[in-house]
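What follows is a short report on a single structure.
The values are calculated or read from the model by the stated rules, or taken from the named source; none is laboratory data. Here the structure is a predicted model, which means the values were calculated and not measured. Note: ideal-geometry Cβ built from the backbone for every residue, glycine included; neighbour counts use all protein chains shown. Protein only, heavy atoms only, side chains kept; ligands, DNA and RNA dropped before computing areas. Shrake-Rupley method; radii C 1.70, N 1.55, O 1.52, S 1.80 Å.
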Amino acid sequence: MEAPGAYRCIECNGKATELYRDYQRGVLRISICKSCHKPVDKYIEYDPVIILINAILCKAQAYRHILFNTKINDSSQSPDPDDLIRYAKEWDFYRMFGIASLEQTAFLIGIFTALWLARPRVLQTKADFILLLKALLLSSYGKLLLIPAVIWEHDYTHLCLKLIKVFVLTSNSQAIRVTLNTSRKLCLLAIVSGLLLENGTIYLFQRIGWNV
């Protein structure tokens, strides 16, 4: 059971106590927002594929549905011992994974630092921090497109990688705007700060002789 006010209206970002009412016998009625008088979350009746398409199109309503009105369950699986042995022998795998993790960490630190310096009140509590972190990680799903882009290498691979980067940054910016309900200008400032720190980290790796 969610706490009162734990949901959000996907249209106006106002708080809501419930998404729908169950009148039994399979009859559901979507709750109406008290602020904007629109359905709190129309996506609860949508197919997940439609929701994903709307998220790819960077619609704020889809982001609010995913971040505020959807419960995400994490499941863990025990790794196969043979896989652990195989990857233990692959130093390059660990090295590249470590570099990518550090770059991503630098990017996130840059964003949080910029937001905290520009507007300290947007990250007042631990819950605000965790929600924004979750939003940024979820909005980075576009990086999965790097896999087919690299596998199906062609003359336009470099351009594809650049476009994927732009798409991911756009998604990150939208996630910040929806989560913190702030201006596009502040979102852009946060993204640029994250990029600067990330590129600084890459430059440092190159100086010490690590191929990035």
Members of the stretch 154-182 found to be surrounded by fewer than 14 Cβ atoms within 10 Å (Cβ to Cβ) and outside any helix (DSSP H, G or I), listed by number: H154, D155, Y156, N181
Test: residue in the stretch 78-87 that is among the polar types (S, T, N, Q), open to solvent by 90 Å² or more (accessible area, probe 1.4 Å), more than 18 Å from A175 (Cα to Cα) and at pLDDT below 90: yes
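Mind telling me which of the residues R184, R177 ends up being touching a residue at least 12 places away in the same chain (Cβ under 8 Å) and of a type in the set (D, E, K, R)? Spell out the reasoning first.
Values: R184 fails: touching a residue at least 12 places away in the same chain (Cβ under 8 Å).
Of R184, R177, the one residue that is touching a residue at least 12 places away in the same chain (Cβ under 8 Å) and of a type in the set (D, E, K, R) is R177.
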Some residue of the stretch 121-135 being surrounded by 11 or more Cβ atoms within 10 Å (Cβ to Cβ), of a type outside the set (V, I, T) and not in a helix (DSSP H, G or I): no
Lone qualifier among G200, G110, G194 - being over 30 Å from K71 (Cβ atoms) and either touching a residue at least 40 places away in the same chain (Cβ under 8 Å) or in a loop (DSSP other than H, G, I, E, B) (or both): G200
Subset tally (residues that are of a type in the set (A, V, I, L, M) and either in a loop (DSSP other than H, G, I, E, B) or touching a Lys or Arg at 6+ places or on another chain (Cβ under 8 Å) (or both)) for the stretch 45-74: 4
Evaluation of S75 against (1) at pLDDT 80 or above; (2) surrounded by fewer than 12 Cβ atoms within 10 Å (Cβ to Cβ) (one fails), failing number: (1)
